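The values are calculated or read from the model by the stated rules, or taken from the named source; none is laboratory data. The structure presented is a predicted model; accordingly, all values stated were derived computationally and were not measured. Cβ placement follows ideal geometry from the backbone for every residue including glycine, while neighbour counts extend to all protein chains displayed. Each accessible area value is taken on the protein alone, full model and side chains, heavy atoms only, with ligands, DNA and RNA left out. Shrake-Rupley method; radii C 1.70, N 1.55, O 1.52, S 1.80 Å.
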Amino acid sequence: MRLYRLFALASLPLLGACQSLGQSPASQPQRIAWEQRAPGCQGERCSLVNVDTLKFADQPRLDALIEQALLAMTQGSTDGAPPSSLRDYAQTLLRQAPEGRETWLQAKLIDRHGDLAVIELSSYLDAGGAHGLPGRGFINYSLGGQRALQLADVLIPGGAEAFWQAASEAHQRWLQTQGLDKDADFRSNWPFKPTANVALLGDKVLLKYDSYAIAPYAMGHPTLEIPYPRLRNILKPQYLAP
């Protein structure tokens, strides 16, 4: 499972109100959006790269981390050495494949609470097949600590098993909302499993699954929600949002 495999083109979310939270310069990132198409292409489906990302006024480490994460979503889509920047990636892809390829990448601020800024990452890679390759990921960034938090950073020692038990319960609730909790074939073919895509939101912990992880492609990215009260004595106290 790749951490940053993301979402379908039609489902790339619009920039929301969280983009302009009025708390500090760090919570008001500048939107950087651009699109590059294959130069000189005259075909019916010229390749393109579309990027919609963020730049924070006082968080250069976060800016770099976002670019690295977006580049990681494109892994394997170009030949040769990994690109050093999004612009480099676009130039390389369009040179190697001037027709029949599309890349859509997005980063947006979806929550800002306490010390945390939560960035959602989306991508859609289309190489001309039956459908493109979508994906989704998150960065939970400690503004004070100047680093991205991993799940192990926010769990109490030995809390992983209890966390995934709570996630399994959230999965059962999701099955019920989909009318699939009694479908033995679905549960057998698409069992619960952990995901690397975990977001520490202000009101809950959100888990987002890649396509084909726990459901077929047509169901998009299943989303599980765990309320913070369920995570007491599992998350470290400073990460239990009120």
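At a glance:
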| read-out | value |
| --- | --- |
| Charge dipole (debye, nearest 20) of the stretch 107-242; +1 at Cβ of Lys and Arg, -1 at Cβ of Asp and Glu | 220 debye |
| Value at 222 nm in deg cm²/dmol, rounded to 500, when DSSP H runs of n ≥ 4 in the chain each add -39,500 (n - 2.57) | -6500 deg cm²/dmol |
| Selection from S47, A167, M73, by position along the positive dipole direction of the chain (Cβ) | A167 |
| Three-way shape label, the chain, alpha-carbon gyration tensor, a/c 1.5 | oblate |
| Estimated vicinal HN-Hα couplings, Hz - the stretch 215-229 in sequence order (Karplus 6.51, -1.76, 1.60; Gly, Pro = x) | 6, x, 3, 4, 8, x, 10, x, 10, 10, 10, 10, x, 4, x |
| Accessible surface, the chain, averaged per residue in Å² (probe 1.4 Å) | 49 Å² |
| Fraction of accessible area attributable to carbon and sulfur, the chain (%, probe 1.4 Å) | 50 percent |
| Ordering of 41-47, 138-144 by burial proxy (mean other Cβ atoms within 10 Å per residue, highest first) | 138-144, 41-47 |
| The chain, relative contact order [Cα under 8 Å, separation at least 6], % | 19 percent |
| Simple label model, 7 Å out from Cα along Cβ direction - A218 to A130, nm | 1.1 nm |
| Rounded to the nearest 20 debye, dipole of the chain from Cβ charges on Lys, Arg, Asp, Glu | 260 debye |
| Pairs of Lys in the chain closer than 28 Å at Cα, counting only those 8 or more apart or on different chains | 15 |
| For the stretch 68-193: rounded, prolate or oblate by the Cα gyration tensor [a/c cutoff 1.5] | oblate |
| Charge dipole magnitude, Cβ of K and R +1, D and E -1 - the stretch 79-152, Cα centre, debye nearest 20 | 160 debye |
